Amino acid sequence: MAQTCANSLCTTARRPNQGKLFRLDIDLGSLFGTDEHLREYIWLCGGCAQQMRPKVEVTRDTVTLRLTKNDPIPVPVAATTAPSIWAN
């Protein structure tokens, strides 16, 4: 199990009940024509977990783990006019 944040730019040490632990189940069968699976655990500190997620990329003979930025959460725009049923 990782003892520090998986983000190479972060030096936060792992603490119980803090951050987020990701379990990645990787199907290697598509690469090697077998029924082989790989399980990896990735820990991100709280600050990094709010900004990124691990992503697995499987190509011909390589399995790559990348940390990708989270998509921004859309914020609903407040209505500028009252609904027609409320208008007098």
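Read-outs: derived from the displayed coordinates by stated rules, not from any lab. These numbers were taken from a predicted model, which means no experiment stands behind them. In this analysis, Cβ positions are derived from the backbone assuming ideal geometry, glycine residues included, and neighbour counts consider all displayed protein chains.
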(request) May I ask you to sort Lys55, Lys69 by Cβ crowding, counting other Cβ atoms within 10 Å and putting the fewest first? (result) Lys69, Lys55
(request) Mind putting together the pair-distance distribution for segment 20-69? All Cα pairs, 5 Å bins, whole percent per bin, short to long. (result) 5, 20, 26, 20, 14, 9, 5, 1
(request) In nm, give the distance between the simple-model label positions of Gln50 and Gln3, each being 7 Å from the Cα along the Cα-to-Cβ direction. (result) 2.8
(message) Quick check: residue separation of Leu65 and Cys10 times 0.36 nm, minus the Cα distance between them. What number comes out in nm?
(response) 18.1 nm
